[in-house]
Amino acid sequence: MIASKTPSQSRQPSTSANGQISFKALTSEIVDQYLADDRPWIVGFSGGKDSTTLLQLVFYGLRQLPKEKLHKEVHVLCNDTLVENPAVVRYIDDTLDKIRKAGKRYGFPLSVAKVTPTLADSFWVNLIGKGYPSPNRFFRWCTERMKINPTSEYIKTQVTEHGEAIILLGTRKAESSNRSHSMRQYERKGQRLRRHSLPGVYVYAPIANLADNDIWTYLLSVPSPWRGDNRKLFTLYRNASGGECPLVIDTSTPSCGNSRFGCWVCTVVDEDKSMEGLVETGETWMEPMLDMRNWLKEIRNDTMRREKFRRDLSDGLGPFTKEARAEILGRLLGVQRETGLTLISEDELSAIQWIWHHDFHDAPLVSTIYQDTLGGEVLAVRNQIAERRKEERTLLEEVCAEEGVPAELVEQLVQIEKDKSGLMRRHGLFQDIDMALKKYLKRNSEDATVEDRST
């Protein structure tokens with residue numbers, strides 16, 4: 001039951017008489033807010049300096065309370081896009097395990113959750129499968145799919161169960177002018193909480209007014225309550241010259257700065273200074289990943305690697321071509337071979353093949369690319385299925401040639417029918433057929449135009 005539905009408590013000053021940050025006062029404010037109502041807390045944790053500072057303050061605050069006052073749940077929520085910097089992932093996973101164990105040791109009503117994007121929203125399924133161009137500032141298709149959606153779903157689950165929830169974020173005004181503007185836009189003077197765009201959700205940013213020096217002074221002088229190593233975190237920052245990607249909860253939350261820990265494939269920034277810094281300080285195993293990231297940015301606007309129309313068939317530079325998608329997959333698997341890391345999952349490979357069969361006649365075989373690059377029999381069963389499809393396609397081409405109809409179009413229509421077969425209501429069947437017909441006509445009219453120009 002919610003004890004109080006007031007938007008917020010009054011914000012108390014957290015500075016001492018000489019103007020210095022008082023972490024004691026900040027901890028007292030956090031305790032006061034915790035005791036104010038029964039709404040569960042969801043603490044955004046990315047493993048960086050800001051979210052670590054925030055969670056340490058929460059831990060020390062809760063340790064001041066007797067067990068009978070630890071009355072509401074605290075969720076430590078981490079988002080994994082599945083393309084995070086591997087060095088940071090190792091550190092975060094180890095830290096989350098320590099946090100989980102410390103919560104039990106202190107008797108906190110604490111749970112640790114790590115959310116990931118759905119298969120359909122994963123980076124490689126969209127970039128290699130659907131051919132989405134590498135993200136940039138103007139088409140940042142990754143943020144909502146990989147960060148906002150999985151985080152929002154977790155938050156909605158808590159709101160459904162409890163009625164309302166409060167998200168604690170380690171965002172700070174000093175990080176950048178854009179972030180400062182965004183935070184001031186939504187804050188209400190004299191109040192701790194602001195409303196979030198999700199119904200029943202409020203945001204609390206206790207460390208909003210801290211500077212970088214305040215953060216590092218605190219982390220290097222106050223022991224980690226979960227027995228973590230803040231000096232290791234400091235070394236990671238120093239080597240990478242990186243900033244921190246916050247828990248992104250809506251489009252008003254800036255995704256990442258120009259120098260940050262985050263997705264190793266991020267092409268929104270011109271240079272990945274954090275990964276470059278790690279390579280320069282000895283993490284040379286990352287070089288193939290850095291090279292691929294730079295290559296993905298380089299080929300983004302290569303007209304020879306892009307369709308001449310978009311996925312909705314409107315005019316303009318479209319998705320990566322069939323050949324480009326196969327090329328990207330081969331290069332990714334090559335990086336996987338060089339680093340020894342699993343950079344793309346079996347489920348993603350299956351989803352990519354499914355999309356390719358819908359998008360193209362004579363689609364490339366994922367299993368062939370996989371075995372040509374990595375070898376082995378990991379995809380043997382899938383390869384058998386692919387070979388069977390190849391035989392079916394050859395037969396289809398022979399029949400279509402006899403009847404004078406385009407095999408490419410017929411194959412697409414047969415695939416649509418297969419997808420809808422067995423369903424009680426074959427919703428969207430006619431729309432899918434209509435799109436297939438238009439795509440065929442569009443692609444062939446473009447091919448004819450190019451042929452005319454070449455002659």
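Annotation: of all residues in the stretch 223-251 being at pLDDT 85 or above and among the small types (Gly, Ala, Ser), the one that is surrounded by the fewest Cβ atoms within 10 Å (Cβ to Cβ) is Ser224.
Condition first: in contact (Cβ under 8 Å) with a residue 60 or more places away in the chain, under 23 Å from Gly334 (Cα atoms) and outside any loop (DSSP other than H, G, I, E, B). Now tell me which residues in the stretch 290-321 satisfy that. Correct list: Leu296, Lys297, Ile299, Arg306, Phe320. The single residue among Ala351, Ala380, Ala386, Ala401 that is out of contact with any Lys or Arg (no Cβ under 9 Å at 6 or more places or on another chain) and at pLDDT 90 or above turns out to be Ala351.
Whenever a residue of the stretch 222-239 is under 12 Å from Ala87 (Cβ atoms), its partners that are assigned to a loop (DSSP other than H, G, I, E, B) and of a type in the set (D, E, K, R), lying with C-beta atoms within less than 8 angstrom and at least six residues away or across chains, give the pairs Asn239/Glu283. Selection of the stretch 18-40 for residues being closer than 14 Å to Val58 by Cβ, modelled with pLDDT of 95 or more and not aliphatic (A, V, I, L, M) yields Thr27, Ser28, Glu29, Asp32, Gln33, Tyr34, Pro40. Number of residues in the stretch 107-118 that are surrounded by fewer than 15 Cβ atoms within 10 Å (Cβ to Cβ) and over 28 Å from Val83 (Cβ atoms) equals 1. Could you tell me whether Glu346 is among the charged types (D, E, K, R), surrounded by 14 or more Cβ atoms within 10 Å (Cβ to Cβ) and at pLDDT 80 or above? Taking the combined requirement at face value, the residue does not satisfy it.
Selection within the stretch 415-433: residues that are at pLDDT 75 or above and under 26 Å from Pro364 (Cβ atoms). The member of this set that is surrounded by the most Cβ atoms within 10 Å (Cβ to Cβ) is Asp432. If you go through the stretch 211-228 and pick out every residue that is closer than 12 Å to Lys49 by Cα, more than 26 Å from the chain's Cα centre (by Cα) and not hydroxyl-bearing (Ser, Thr, Tyr), you end up with 6.
Here is a list of conditions, (1) farther than 20 Å from Leu96 by Cβ; (2) surrounded by fewer than 22 Cβ atoms within 10 Å (Cβ to Cβ); (3) at pLDDT 85 or above, and Leu278 meets all of them except one; can you say which number that is? For Leu278, the failing item is (2).
The values are calculated or read from the model by the stated rules, or taken from the named source; none is laboratory data. Everything numeric in this text was worked out from a predicted model, so none of it was measured. Virtual Cβ from ideal backbone geometry, glycine too; neighbours counted across all protein chains shown.
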